[in-house]
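The values are calculated or read from the model by the stated rules, or taken from the named source; none is laboratory data. Please read all numbers here as calculations on a predicted model, not as lab measurements. Glycine gets a Cβ as well: all are built from the backbone with ideal geometry, and neighbour counts include every protein chain shown. With ligands, DNA and RNA removed, areas are computed over all heavy atoms of the protein, side chains included. Shrake-Rupley method; radii C 1.70, N 1.55, O 1.52, S 1.80 Å.
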Amino acid sequence: MPTIYFNKNFSVTSAQLEQLRLSGQFTTLASHSDPSSAMLGAADRALTEPRGLLGTPYVEWLLATVRRERPQVFLVGKEAGRVAERRADFEALGTRVIAVADAPTLRLLDRKDEFLTSWDDSILPIPAWTTFHDAASFEAGIERLRSHPGFVPGSTRLCIKPARGIYAAGFRVLTEGRTLKSFLRGELYQMSLEEARRMFGLEETFPTMLLMHTLEGAERSVDCVAWQGELAAAVVRRKLPDGGPQYLEDRPDLLEAARRLTRAYQLSGIFNFQTKDDAQRRPNMLEINARASGGLRYSMAAGLDFAGVAAALSLGLLRAQDAPTPRTDLHVNEVKQARVLQAATTLEDGPELLDEEDALA
């Protein structure tokens, strides 16, 4: 039975490992620097990675691990770009590497400003946007977007987010002011324009930020699995306003967009893209995430074993056109569970936090 190896990655990887175990088609090997990681408990076999190892030394550790363990497939998490650069070294050991793209493409997708600049808007439109890196360029950006033809005074809001970042870190919708009511409602992703000006005025310069028109329509997340530029399957999730269950939609237009962008960037493995509807209810592209999304568990409820399909595609056991068709028209919710990691013993070191640099650099 082929073995799939997962190195250190985000917590959703444990769900992929559990689904692979249920399928019974692959054995799983996982490594992580945190011995309490759910990844390790979900895998058939587990290894502990050295803490704090990055760059070339980490890739050398991965090569040594693959040389010793001989997995047939390596589904890459941490240091995906560097592993992609060394793909030939891994495959010389008989291990097929699943990285979402080559190193230059991974770099492009990681830098949202460069990605949006190069985006083909015949696939999907994008919202009006610009960049800023200091207080002066922030003010210039506000003026530029307020003078854009799509800006409707009193209706269109602006938002900010880092050009590099994961999940919603640094994302804020700019408002004309904050009220006690919004504070008590826990609206964490809003910031007054006055607060933003004060914050950006504290530093002479800072990492590149995006300033965009905020799209107020439905938000969707599309989870995809592909091999060498050919889409095998995708699940479209619409995020409902209350933040609870999500709706798995039948959206041929977004499936076609998924096929086109997969071909354009020659993507493989498991990845995700985010859209939001504009005032005309047209989905706009926001970003492509070269990794499994944090909400992949929702899409797995459609009956698609994302990691298993990716592995089968890479080994030639499955053709993209023969991949299972996910179910649609489903409302799904995530049920969290607790698991005993260690009884009557305190771990010597606390859990290691996964940050962007150490997890997916």
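Quick notes on this structure:
- Residue in segment 211-218 that is of a type outside the set (S, T, N, Q), within 28 Å of residue 8 (Cα to Cα) and crowded, with 21+ Cβ neighbours inside 10 Å present: no
- Boolean, residue 93 is in a loop (DSSP other than H, G, I, E, B) and touching a Lys or Arg at 6+ places or on another chain (Cβ under 7 Å): yes
- Applying a threshold of 8 Å to beta carbon distances and a minimum spacing of six or more residues, or different chains, the list of pairs starting in segment 278-307 at a residue that is more than 25 Å from residue 76 (Cβ to Cβ) and in contact (Cβ under 8 Å) with a residue 24 or more places away in the chain and ending at one that is of a type in the set (Asp, Glu) and open to solvent by 30 Å² or more (accessible area, probe 1.4 Å) reads 279/216; 283/253.
- Among the residues of segment 140-154, those identified as open to solvent by 70 Å² or more (accessible area, probe 1.4 Å) and under 19 Å from residue 192 (Cβ atoms) are 143, 146, 153, 154.
- Of the helices (runs of 4 or more DSSP H) lying entirely inside segment 1-88, those carrying at least 2 residues that are open to solvent by less than 10 Å² (accessible area, probe 1.4 Å), within 25 Å of residue 303 (Cα to Cα) and touching a helix residue (DSSP H, G or I) at 6+ places or on another chain (Cβ under 7 Å) are 13-23, 38-42.
- Test: residue in segment 303-315 that is modelled with pLDDT under 95, open to solvent by less than 30 Å² (accessible area, probe 1.4 Å) and not in a loop (DSSP other than H, G, I, E, B): no
- Extreme residue, modelled with the lowest pLDDT, among residues of segment 238-264 that are under 21 Å from residue 10 (Cβ atoms) and surrounded by 14 or more Cβ atoms within 10 Å (Cβ to Cβ): 239
- Enumeration of residues in segment 276-296 that are part of a strand (DSSP E or B) and crowded, with 18+ Cβ neighbours inside 10 Å: 276, 283, 284, 285, 286, 287, 288, 289
- Any chance residue 123 is surrounded by 14 or more Cβ atoms within 10 Å (Cβ to Cβ), aliphatic (A, V, I, L, M), in a loop (DSSP other than H, G, I, E, B) and touching a strand residue (DSSP E or B) at 6+ places or on another chain (Cβ under 9 Å): yes
- Extreme residue, farthest from the chain's Cα centre (by Cα), among residues of segment 316-339 that are surrounded by 14 or more Cβ atoms within 10 Å (Cβ to Cβ) and part of a strand (DSSP E or B): 330
- For first residues located in segment 43-64 and within 21 Å of residue 14 (Cβ to Cβ), partners that are open to solvent by less than 50 Å² (accessible area, probe 1.4 Å) and small (Gly, Ala, Ser) and lie 6+ apart or on another chain with Cβ distances below 6 Å form the pairs 43/30; 46/30; 47/31; 49/31; 49/33; 51/33.
- Segment 112-135 residues that are more than 25 Å from residue 259 (Cβ to Cβ) and small (Gly, Ala, Ser), paired with ones that are part of a helix (DSSP H, G or I) and open to solvent by less than 50 Å² (accessible area, probe 1.4 Å) (beta carbon under 9 Å, 6 or more apart): 128/145; 135/200
- Of the candidates 195, 203, 187, the single residue that is open to solvent by less than 50 Å² (accessible area, probe 1.4 Å), among the charged types (D, E, K, R) and at pLDDT below 90 is 187.
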